[in-house]
Amino acid sequence: SILKQTYSQRAENHRNPAAKALLETIERKRSNLCVSVDVTKKADFLRIIDIVGPYICLVKTHVDIIEDFDFSVIENLKDLSVKHDFQIFEDRKFADIGNTVALQYASGVYKIASWSHITNAHPVPGPSVITGLLSVGLPLGRGLLLLSEMSTKGSLATGSYTEEAVRMARSNRDFVVGFIAQRRMDNIGVAEGASDEDFLILTPGVGMDVKGDSMGQQYRTPREVVLESGCDVIIVGRGIYGKGNGANPEAVREQAERYRAEGWKAYEERIGS
Ligand code: BMP
């Protein structure tokens, strides 16, 4: 079963270059930690990434919240990704018709496809959202995650919506490399244990010190996410950079180290090493 395979074994199962590179990075750095850097000033954004860089496999961005954005942010981000050996995931959550998402992905101020190895989409428009994005991303070797579940209280992404998202992914395995979800998706719609599919499961809503925020976010620990729910990458935002936009570098470094260690320990326990 996928749950018992190492990240490097799984890297060999993936043909998509972005999925393969992510799995290889996870193994090389012994880190299944993705840090989500949701701050509004480019200096804070780059400073936090430089601090957490050694401890992560992936940086997750929302570039559209940076108030003083210009393309130097992207150039600096790319330099940091080489310096610290991590992949980049713009959490754009595309959710429109194929033609529009292709334009949003390739063009505009951010030109996401030109620098983000992985991005994501809501399955709500149906398969055409994938068709639109892959027309841009596939030739560039990019990968897509579908949001088949969400971490928030009252999420509508449950039941048959989640199942249909998995079906959409199965029909586009060259580009859809996995899911934003709270548990494994490979066995949905097939008999327990019958699937040898390998989807990447990246999971937000991870925190060790609080259970949620005042706006519906819900947190689980790395152990619950990786060991009990079988997810592959933990996504942590405020749990690492804290309330002060990462003003205390040593505290940010310590949290990144702590979440990396917890995520990796849960993985080692899962594969039984
Ligand atoms: P935090 O760890 O600070 O709660 O941040 C979580 C991050 O993950 C945010 O950037 C949010 O946009 C994203 N996210 C989420 O929390 N839940 C989901 O279901 C999907 C997300 O992309």
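Rule-based calculations on the coordinates, nothing more; no lab input. Computed from a predicted model, the values in this text were never measured in an experiment. Every residue, glycine as well, gets a Cβ built from its backbone with ideal geometry; the counts of neighbours run over all protein chains shown.
Annotations
- Sequence-separation-based contact order of region 122-222, relative, with Cα cut under 8 Å and 6+ spacing, percent: 25
- Sorted by Cβ density within 10 Å, fewest first, the residues PHE89, PHE71, PHE179, PHE94: PHE71, PHE94, PHE89, PHE179
- Shape of the chain, Cα gyration tensor, a/c cut at 1.5: rounded
- Its relative contact order, with pairs defined as Cα atoms under 8 Å and 6+ residues apart, puts the chain at 20 percent.
- Cross-link pairs beyond the 30 Å C-alpha cut-off, checked among LYS83/LYS211; LYS93/LYS153; LYS93/LYS243; LYS153/LYS265; LYS4/LYS29: LYS83/LYS211
- Site-free segments of the chain were taken between GluC sites (Glu not before Pro) in DSSP loops having at most 15 other Cβ atoms within 10 Å, sites themselves excluded; the longest one is 68-191.
- For region 160-238: rounded, prolate or oblate by the Cα gyration tensor [a/c cutoff 1.5]: prolate
- Gaussian network model of the chain, Cα within-10 Å springs - most flexible of GLY193, GLY141, GLY98: GLY193
- Highest GNM mean-square fluctuation among LEU200, LEU46, LEU147, for the chain modelled with Cα contacts below 10 Å: LEU46.
- Three-way shape call for region 49-89 based on the alpha-carbon gyration tensor, with the a/c threshold at 1.5: prolate
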